[in-house]
Amino acid sequence: MFFCFTFGLERYKRKSGHHVWHCPNCQAKDVYYIKNNECFTFCFVPLVPCGSTKKLYECQTCGWVNVQQPNF
């Protein structure tokens, strides 16, 4: 019998909150507050968060990223 197990580190993003802002780059109302961290994965399942959580504002349309809340 042969089993293949995979493990490693993977970056996970998740939206936090329900407020949406206008993007200063493309003017789309598509900027979300994102929590971003790395997790140890086993068989593609995140098990243990590694390191600190990064909190960012990210536009889903153009990819603009900032650590400060947009003014709009």
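The values are calculated or read from the model by the stated rules, or taken from the named source; none is laboratory data. Since the model is a prediction, treat every value here as computed from it, not as a measurement. Neighbour counts run over all protein chains shown; Cβ positions are idealised from the backbone, glycine included. Quick note on the areas: whole protein, heavy atoms, side chains included, nothing else; ligands and nucleic acids left out. Shrake-Rupley method; radii C 1.70, N 1.55, O 1.52, S 1.80 Å.
Answer yes if at least one residue in region 22-30 is in a strand (DSSP E or B) and not small (Gly, Ala, Ser), and no otherwise. No, region 22-30 contains no residue that is in a strand (DSSP E or B) and not small (Gly, Ala, Ser). The residues of region 17-34 that are surrounded by 13 or more Cβ atoms within 10 Å (Cβ to Cβ) and out of contact with any Gly (no Cβ under 6 Å at 6 or more places or on another chain), listed by number, are 20, 21, 22, 23, 24, 25, 26, 28, 30, 31, 32, 34. Considering only region 35-63, state which residues are farther than 21 Å from residue 7 by Cβ, in contact (Cβ under 8 Å) with a residue 12 or more places away in the chain and open to solvent by less than 50 Å² (accessible area, probe 1.4 Å). Those that are farther than 21 Å from residue 7 by Cβ, in contact (Cβ under 8 Å) with a residue 12 or more places away in the chain and open to solvent by less than 50 Å² (accessible area, probe 1.4 Å): 56, 57, 58, 59. All told, residue 68 meets the bar of being free of Cβ contacts under 8 Å to residues at least 12 places away in the same chain and open to solvent by 80 Å² or more (accessible area, probe 1.4 Å).
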